[in-house]
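Some notes on the structure that comes next.
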Amino acid sequence: MMKIDIVIISVIVTVYFIKKQFEFEKISKIRYLTIPLFATVQFITAVQLENGQDVLLLIFGAVISFLIGWYQTTDFEIKQKNTITNYYVRVGSVEQSVYTKELYSKGGKSYLIGWIMIFIVQVGLSLIYHEIELDEIQSEWLSEIAKDLFIFLRVKEHSYWWVWELYSVSNLSYYFILRKKHKQMSKI
């Protein structure tokens, strides 16, 4: 019975996560700047290159993460909304509402596919380095979705340096490429 509950929860959370990738959400500094910087600090403080295999892993991780981050930007959409505030300006004898310009974005299909590719690389490396077993993949899937939906879960996480490298490089490349493609992104 417990296994069925986990499957049901996994499906519900997965459907919700997929749905969120196709909806516009307000752009926040946490999503686009704080998390990549946090992942970079975690990577820098955790990286340990003990042999040639670690150096190859570092290079492989950097290249694949950069390519995934770049790919994730291909379907990215941004739009601006003027949102009414609680403030008014008096123009002559008429009060006019004050609006703020807010940016909204959605990642779309390429962000979702890129996220899945990062997960596959992470699980593949975890299996190779015996950090997880095959029967733990489903709980790892649920954990990764939860960490993406609820950013604070990633802060408490202890991960191997190459996991942090995957998140750091993919998120930083995603952010900097978006800034280059969409000048409005520099406003955040």
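Consider region 115-129. How many of its residues are among the hydrophobic types (A, V, I, L, M, F, W, C) and touching a residue at least 24 places away in the same chain (Cβ under 8 Å)?
6
Of all residue pairs spaced 6 or more apart or on separate chains, those with beta-carbon atoms under 7 Å, a first member in region 172-183 that is within 18 Å of Gly61 (Cα to Cα) and a second member that is at pLDDT below 90 and open to solvent by 10 Å² or more (accessible area, probe 1.4 Å) are Tyr175/Tyr32; Tyr175/Leu33. Being within 21 Å of Ser105 (Cβ to Cβ) and not aliphatic (A, V, I, L, M) is a property that holds for Tyr71.
Residues checked against (1) under 23 Å from Ile9 (Cβ atoms); (2) β-branched (Val, Ile, Thr); (3) part of a helix (DSSP H, G or I); (4) modelled with pLDDT of 90 or more:
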position	(1), (2), (3), (4)
Leu125	no, no, yes, no
Ser139	yes, no, yes, no
Ser143	yes, no, yes, no
Arg154	yes, no, yes, no
Trp164	no, no, yes, no
Tyr175	no, no, yes, yes
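Within region 26-79, the set of residues being of a type in the set (Asp, Glu) and modelled with pLDDT under 90 comprises Glu50, Asp54. Among the residues of region 5-46 satisfying the criterion of being of a type in the set (Gly, Ala, Ser) and assigned to a helix (DSSP H, G or I), which is most open to solvent (accessible area, probe 1.4 Å)? Out of the qualifying residues, it is Ala46. Tell me, yes or no, whether region 114-123 has at least one residue that is modelled with pLDDT of 85 or more and of a type in the set (Phe, Trp, Tyr). Yes, region 114-123 has at least one match.
Filtering region 54-103 to residues that are part of a strand (DSSP E or B), exposed (fewer than 15 other Cβ atoms within 10 Å of the Cβ) and under 25 Å from the mean Cα position of the chain (by Cα) leaves Glu77, Lys79, Gln80, Lys81, Lys101, Glu102. Could you check how many residues of region 8-25 are aromatic (Phe, Trp, Tyr) and at pLDDT 85 or above? Total satisfying the criteria: 2.
The values are calculated or read from the model by the stated rules, or taken from the named source; none is laboratory data. The shown structure was predicted, so the numbers you read here are calculated from the model rather than taken from an experiment. Backbone-built Cβ (ideal geometry, glycine too); neighbour counts: all protein chains shown. SASA here: full protein model, heavy atoms, side chains in, ligands and nucleic acids out. Shrake-Rupley method; radii C 1.70, N 1.55, O 1.52, S 1.80 Å.
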